[in-house]
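Peer 1: I'd like to ask some things about the structure below.
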Amino acid sequence: MSDAQFVEMSAVDIAAGVRSGAFSAVEVVTAHLKQIESYDHEVKAFVTQMSDRALEAARAVDEKRARGEELGALAGVPVALKDNMAYRGVETTCSSKILRGWIPPYTATVVERLEAAGAIAIGKTNLDEFAMGSSTENSAFFPTRNPIDLNRVPGGSSGGSAASVAARFAPIAIGSDTGGSIRQPASLCGVVGVKPTYGLVSRYGLIAFASSLDQIGPFARSVEDSSLVLDVISGHDERDSTSLSGRSYDHQASDGGIEGLRVGVITEMMDGLSDSVNKALAQAIESLRSMGALVDEVSVPAAKFGLTAYYLIAPAEASSNLARFDGVRYGLRVEGKDMNETYELTRGQGFGPEVKRRIMLGTYALSAGYYDALYGKAQKVRTLIANDFDAAYSNYDVLISATSPTVAFEFNAKSDPLSMYMSDVCTIPSNLAGHPAMSVPFAGDEDGLPIGIQVLAPSFGESVMFKVASALEAAAKYRAVPQWASTEK
Amino acid sequence: MSNDDISIETTRHIAYLARLALDESEVREYAGQLSAILEHAEDIASLDLDGVAPMRHTLSVVNIMRDDEVRPSLDREEVLASAPDAQASMFLVPKIVGEE
């Protein structure tokens with residue numbers, strides 16, 4: 001087995017091969033580390049690489065097998081971790097100057113579960129600072145480039161994780177999704193990205209952005225791999241009281257059958273799409289129909305207010321959550337003449353422009369005199385959105401839309417904050433309702449840039465969501481290839 | 001909600017509430033951008049939402065209780081190792097109580 005073959009392999013096949021002894025975890029990890037060595041200077045997906053630890057962990061998996069012990073579902077599978085997940089002993093930064101140098105004294109539950117299943121953490125990936133952004137340009141350190149076209153952004157905020165999977169640095173990665181931060185970069189990088197039902201995956205060890213919206217989920221190059229990873233990371237955790245007991249996701253190999261399933265295309269999300277995205281959505285609808293699904297347009301009227309509600313609720317929660325970065329317990333401290341000035345200088349110099357903008361917006365929305373008109377009203381709109389989704393799901397098994405209104409854009413193309421916020425117009429409503437949704441790569445535009453289709457489902461509707469995503473994957477004629485591997489370029 | 005632009009003065013006050021030291025150019029920039037973002041938020045201002053319950057989170061759970069039992073917590077020295085300043089097993093901060 002060559003290095004080139006290892007980096008193209010699925011997580012399912014790697015784990016099967018390592019378990020059977022067809023090849024070793026060390027061989028798999030070594031191949032991926034070489035891929036990182038060869039191409040990450042161009043992509044810049046990683047904030048921190050974990051090469052030595054990864055090789056050590058791979059050796060431990062191989063030794064376990066040599067002793068005849070049972071290996072887990074992700075034995076020897078390299079995984080890239082968004083750098084807002086705590087990993088004990090490894091610097092965790094949120095791509096922010098304010099947290100640089102922080103060595104967490106604990107590990108996120110998802111990471112513990114991945115490692116218990118035999119997965120090998122190979123590095124911490126770049127993000128928009130504190131997961132606020134849609135292009136990874138807001139990282140305080142450096143932007144990440146889209147492996148499919150290095151002159152374009154990978155999307156965000158989990159841009160480093162999406163890029164690492166697209167670049168074959170790892171078959172799977174972990175991200176977090178508050179308003180689309182897994183699905184939008186998945187769409188722009190041509191990989192699968194899943195935001196699970198709120199409460200299905202523990203958030204313990206995820207550095208909070210907006211706690212009522214944040215959810216952790218997987219990236220992969222196949223629907224099956226993403227389903228397997230969700231199986232491993234889902235389930236109750238007593239350290240996160242919002243992780244629901246008695247709920248987990250069971251991976252089943254999907255047989256694709258979608259005949260008779262009722263699929264609604266969300267009317268409110270058909271406006272404002274670029275021509276190529278519009279065309280891809282039309283093709284997806286045709287494909288689903290040809291496989292026997294019953295596809296119709298359905299209106300989710302309040303979804304059009306999602307962006308507004310989100311940009312009041314998420315900054316409000318962020319302004320509260322990020323109060324903990326005060327220069328006392330971790331990270332940066334810029335000393336002032338007294339404690340108040342120390343707070344102000346630390347936060348003024350430690351946070352980047354977008355994070356400060358959202359803290360300001362959230363503080364304003366929560367301040368006396370505006371609370372009811374802004375934050376309070378947004379929470380009521382959230383109820384409307386959830387109600388309108390419920391009404392749609394009384395007639396449809398799943399809903400679909402484009403994931404992103406456009407393909408990957410160029411650097412500095414959206415310098416106005418509002419135009420960047422618009423990138424998440426199709427993904428935000430699922431977070432507000434707490435529902436699962438995923439992006440599956442479906443088509444390429446005329447330049448070969450990836451276009452993802454979003455599949456949305458009601459709470460705990462992951463099984464039917466994966467089934468429809470598998471059908472779209474099977475119908476897709478497009479496969480995203482890194483720029484350096486593409487012969488046309 | 002109103003169409004009124006957010007003033008420089010209000011922006012300074014919000015920055016104080018959020019404990020963010022901003023320079024003059026940042027204050028001007030944020031005043032303009034917050035006004036633009038909140039103008040976009042006008043689309044929900046006209047909605048009649050009387051009688052609609054606010055949604056604070058999407059779960060049906062209310063309180064989560066666990067047994068009150070002694071268990072290990074984070075290692076104190078490991079936690080303090082990442083603090084900007086620590087002494088005698090405590091976080092060290094600048095003087096809070098003034099002398100005047």
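Peer 1: With a 1.4 Å probe, what is the total accessible area buried between chains B and A, in Å² rounded to the nearest 100? If you can, show how the numbers build up before the last one.
Peer 2: Working: alone 9750 and 18170 Å², together 22850 Å².
Approximately 5100 Å² gets buried when B meets A.
Peer 1: What FRET efficiency comes out for the pair A:E56/A:V464, r = Cβ-Cβ distance, R0 = 51 Å, nearest 0.05? Please list the in-between numbers first.
Peer 2: Numbers: r = 40 Å, r/R0 = 0.79.
Using R0 = 51 Å, I get an efficiency of 0.80.
Peer 1: So which residues in region A:81-124 end up with at least 30 square angstrom less accessible surface once the other protein chains are there, compared with the chain by itself, probe 1.4 angstrom?
Peer 2: Relative to the lone chain, where solvent access is computed with a 1.4 Å probe, region A:81-124 loses at least 30 Å² at A:R88, A:P105.
Peer 1: Continuing with this model, one more query. Express the accessible area of chain A per residue in Å², computed with a 1.4 Å probe while the remaining protein chains stay in the model. Numbers along the way, then the final one.
Peer 2: Working: 15710 Å² over 489 residues.
So chain A comes to 32 Å² accessible per residue, rounded to a whole number.
Peer 1: Which residues' amide hydrogens lie under 5 Å from the amide hydrogen of A:Y106, considering only partners 5 or more residues apart or on another chain, with H built in the peptide plane?
Peer 2: A:R88, A:G89
Peer 1: Scan region A:297-402 for chymotrypsin sites (Phe, Trp or Tyr not before Pro) in coil per DSSP, keeping those whose Cβ has at most 13 other Cβ atoms within 10 Å, and list them by number. It would help to have the intermediate numbers written out before the result.
Peer 2: Details: sites: A:F305, A:Y310, A:Y311, A:F325, A:Y330, A:Y343, A:F351, A:Y364, A:Y370, A:Y371, A:Y375, A:F389, A:Y393, A:Y396; in loops: A:F325, A:Y330, A:F351, A:Y370, A:Y396.
Qualifying residues, ordered by number: none.
Peer 1: If you keep only loop residues by DSSP, which trypsin sites (Lys or Arg not before Pro) in region A:333-412 have at most 15 other Cβ atoms within 10 Å of their Cβ?
Peer 2: Working: sites: A:R333, A:K337, A:R347, A:K356, A:R357, A:R358, A:K377, A:K380, A:R382; in loops: A:R333, A:K337.
Passing sites in region A:333-412 are A:K337.
Peer 1: When only Cα pairs under 8 Å and 6 or more residues apart are kept, what is the percent relative contact order across chain A? Walk me through the numbers before you get to the answer.
Peer 2: On the way: 1212 pairs, mean separation 81.6, N = 489.
Contact order relative to length: 17 percent.
Peer 1: How large is the dipole of region A:307-449 about the Cα centre if only Lys and Arg carry +1 and Asp and Glu carry -1, each at its Cβ, rounded to the nearest 20 debye? Please list the in-between numbers first.
Peer 2: Numbers: 12 positive and 17 negative charges, 125 e Å.
The dipole magnitude comes to about 600 debye.
Peer 1: Let's see if you can work this out: charge +1 on each Lys and Arg Cβ, -1 on each Asp and Glu Cβ, no other charges. What is the dipole magnitude of region A:187-301 about its Cα centre, in debye to the nearest 20? Please list the in-between numbers first.
Peer 2: Details: 8 positive and 16 negative charges, 34 e Å.
Dipole magnitude for region A:187-301 comes out near 160 debye.
Peer 1: Just tell me which aspartates and glutamates come within less than 19 Å, Cα to Cα, of B:K95; anything on the same chain fewer than 8 places away is out.
Peer 2: A:D326, A:E335, A:D338, A:E341, A:E344, B:D85
Peer 1: May I ask you to list the GluC sites (Glu not before Pro) in region A:10-83 that are in a DSSP loop and have at most 12 other Cβ atoms within 10 Å of their Cβ?
Peer 2: Details: sites: A:E27, A:E37, A:E42, A:E56, A:E63, A:E69, A:E70; in loops: A:E69, A:E70.
Hits after loop and neighbour filter: A:E69, A:E70.
Peer 1: Label A:S486 and B:S60 with points 7 Å out from Cα along Cα→Cβ: what is the distance between them in nm?
Peer 2: The answer from the label model is 4.7 nm.
Peer 1: A further question follows. Farthest toward the dipole's positive end in chain A, which of A:P450, A:L127, A:T267, given Cβ charges of +1 (Lys, Arg) and -1 (Asp, Glu) about the Cα centre?
Peer 2: Value: A:L127.
Peer 1: Pairs A:K44/A:K477; A:K195/A:K477; A:K279/A:K377; A:K124/A:K304; A:K279/A:K414; A:K337/A:K414: which exceed 27 Å Cα-Cα? The partial results should precede the final answer.
Peer 2: Working: A:K44/A:K477 29 Å; A:K195/A:K477 24 Å; A:K279/A:K377 36 Å; A:K124/A:K304 35 Å; A:K279/A:K414 23 Å; A:K337/A:K414 39 Å.
Those over the limit are A:K44/A:K477; A:K279/A:K377; A:K124/A:K304; A:K337/A:K414.
Peer 1: Something else now. Given the options A:G205, A:I98, A:F142, identify the residue whose Cα lies farthest towards the positive end of the charge dipole of region A:3-260 (+1 on Cβ of Lys, Arg; -1 on Cβ of Asp, Glu).
Peer 2: Going by the Cα projections, it comes out as A:I98.
Peer 1: Using the basic label-point model (7 angstrom from Cα toward the beta carbon), what is the B:M90 to A:K34 distance in nanometres?
Peer 2: So the two model labels end up 5.7 nm from each other.
Peer 1: Please list 3J(HN,Hα) in residue order for region A:461-478, calculated via the Karplus relation 6.51 cos²θ - 1.76 cosθ + 1.60 where θ = phi - 60°; whole Hz, with x for glycine and proline.
Peer 2: Going residue by residue, I get x, 4, 4, 5, 4, 5, 5, 5, 4, 4, 5, 5, 4, 5, 7, 5, 9, 10 Hz, with x marking Gly and Pro.
Peer 1: To continue, here is another question. Using a/c under 1.5 as the rounded threshold, could you call the protein assembly as shown rounded, prolate or oblate? The axes a ≥ b ≥ c are square roots of the C-alpha gyration tensor eigenvalues, and prolate needs a/b larger than b/c, oblate otherwise. Don't skip to the end; give the middle numbers.
Peer 2: Values: a/c = 1.56, a/b = 1.13, b/c = 1.38.
Taking the square roots of the gyration eigenvalues as a ≥ b ≥ c, the protein assembly as shown is oblate.
Peer 1: Roughly how many percent of the accessible protein surface of region A:3-260 is carbon and sulfur, given a 1.4 Å probe and a whole-percent answer?
Peer 2: On the way: 3160 of 7440 Å².
Result for region A:3-260: 42 percent of the exposed heavy-atom area is carbon or sulfur.
Peer 1: Using θ = phi - 60° and the Karplus relation 6.51 cos²θ - 1.76 cosθ + 1.60, list the HN-Hα couplings for region A:66-73 in order, rounded to whole Hz, with x at every Gly or Pro.
Peer 2: My calculation for region A:66-73 gives 4, 7, x, 7, 5, 9, x, 5 Hz in order.
Peer 1: Could I ask something else about it? Calculate, for A:D447 and B:V52, the FRET efficiency according to 1/(1 + (r/R0)^6) with r their C-beta to C-beta distance and R0 41 Å; round to the nearest 0.05. Display every interim value, and only then the final one.
Peer 2: Numbers: r = 45 Å, r/R0 = 1.09.
Once the sixth-power term is evaluated, E becomes 0.35.
Peer 1: With runs of 4+ DSSP H residues as the only contributors, calculate the mean residue ellipticity of the protein assembly as shown at 222 nm using -39,500 (n - 2.57) per run, divided by the residue total and rounded to the nearest 500. Can you show the working numbers first?
Peer 2: Details: 19 runs with 218 residues, N = 589.
It lands at -11500 deg cm²/dmol.
Peer 1: Among A:Q184, A:S394, A:S287, whose Cα sits farthest toward the positive end of the charge dipole of chain A (+1 at Cβ of Lys/Arg, -1 at Cβ of Asp/Glu, about the Cα centre)?
Peer 2: A:Q184
Peer 1: What is the magnitude of the charge dipole of chain A about its Cα centre, with +1 placed on the Cβ of each Lys and Arg, -1 on the Cβ of each Asp and Glu, and no other charges, expressed in debye to the nearest 20? Display every interim value, and only then the final one.
Peer 2: Details: 43 positive and 58 negative charges, 163 e Å.
Magnitude of the dipole: close to 780 debye.
The values are calculated or read from the model by the stated rules, or taken from the named source; none is laboratory data. All values derive from a computational prediction rather than experimental measurement. Because the Cβ atoms are built from the backbone with ideal geometry, glycine has one as well, and the counts that use them run over all protein chains shown. For accessibility, only protein heavy atoms count, side chains too; no ligands or nucleic acids. Shrake-Rupley method; radii C 1.70, N 1.55, O 1.52, S 1.80 Å.
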